[in-house]
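The values are calculated or read from the model by the stated rules, or taken from the named source; none is laboratory data. As the structure is a prediction and not an experimental result, all values here were calculated from the model. Cβ: placed from backbone, ideal geometry, glycine included. Neighbour counts: every protein chain shown. Keep in mind that these areas ignore ligands, DNA and RNA; they rest on the heavy atoms of the full protein, side chains included. Shrake-Rupley method; radii C 1.70, N 1.55, O 1.52, S 1.80 Å.
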Amino acid sequence: MSQANHNSNNNNKEKHTISALVENNAGVLSRISGLFARRGFNIHSLAVGVTEVPDVSRITIVAEGDDYVLEQIAKQLNKLVDVIKVRTLPKHGSELLSRELMLVKVSCTPSERQELIAIAKINDAKISDVSATAMTLELSANQQRLSAFEELIRPYGIKEIARTGVIALQKGATSLNS
């Protein structure tokens, strides 16, 4: 069955977190994103960063698809020369530690400032900047908590939001390096 037919026949699309260790070389990210584009896989989130080994980077990808698509993504990533190791991380929150960073600039009059400070404190958000008419808040959390925080402060008037991609590790002693 072709990939296109498989996708059109299956509505069981879930988000999956894939972690890959890659050689820290020019063009690696381009080859990986090109692979996703050629195969018609959609990337919901992508984060790249160095690891404990200077010449190795970790790429965390959140992609949507069923188990077949997930298997194809892993197989195709493993075929790339610069890819050292690929692992699909567990979906269950009890086994997965994931975080994303959000910066959000909210309209804020002087009379609303204390309310927003209280909301930030309750949600463990950091106040990164305050001006006469705005406040910028910073929160690192899982996607669900960030979305809930965003909805909580939406009534104040969101001026701007920037979110990083998801970074994730499997909980416990298991590591991608082992």
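Regarding Lys121, is this residue modelled with pLDDT of 95 or more, in contact with a Lys or Arg (Cβ under 7 Å, 6 or more places away or on another chain) and open to solvent by 60 Å² or more (accessible area, probe 1.4 Å)? Let's see the steps before the verdict.
Values: modelled with pLDDT of 95 or more: yes; in contact with a Lys or Arg (Cβ under 7 Å, 6 or more places away or on another chain): no; open to solvent by 60 Å² or more (accessible area, probe 1.4 Å): yes.
Here the answer is no, as Lys121 does not meet what is asked.
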Answer yes or no: is there a residue in segment 124-145 that is among the hydrophobic types (A, V, I, L, M, F, W, C) and touching a residue at least 40 places away in the same chain (Cβ under 8 Å). yes
Looking only at segment 129-162, count every residue that is at pLDDT 95 or above and either basic (Lys, Arg) or in contact with an Asp or Glu (Cβ under 8 Å, 6 or more places away or on another chain) (or both) and tell me the total. 12
Within segment 30-51, count every residue that is in contact (Cβ under 8 Å) with a residue 24 or more places away in the chain and more than 24 Å from Lys91 (Cα to Cα). 1
Which members of segment 102-114 meet the condition of being open to solvent by 60 Å² or more (accessible area, probe 1.4 Å) and either touching a Lys or Arg at 6+ places or on another chain (Cβ under 6 Å) or in contact (Cβ under 8 Å) with a residue 40 or more places away in the chain (or both)? Leu103, Lys105
Which of the residues that make up segment 132-178 are within 30 Å of Lys85 (Cα to Cα) and in a loop (DSSP other than H, G, I, E, B)? Asn142, Thr164, Gly165, Val166, Lys171, Gly172, Ala173, Thr174, Ser175, Leu176, Asn177, Ser178
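I need the full set of residues from segment 126-154 which are among the aliphatic types (A, V, I, L, M) and either surrounded by fewer than 16 Cβ atoms within 10 Å (Cβ to Cβ) or within 13 Å of Met102 (Cβ to Cβ) (or both), in order please. Show your work before the answer.
Within segment 126-154, the first condition is being among the aliphatic types (A, V, I, L, M), and the residues that meet it are 127, 130, 132, 134-135, 137, 139, 141, 146, 148, 152-153.
Within segment 126-154, Ile127, Val130, Ala132, Leu137, Leu139, Ala141, Leu146, Ala148, Leu152, Ile153 qualify.
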Sole exception among (1) within 22 Å of the chain's Cα centre (by Cα); (2) open to solvent by less than 60 Å² (accessible area, probe 1.4 Å) for Ile84, by number: (2)
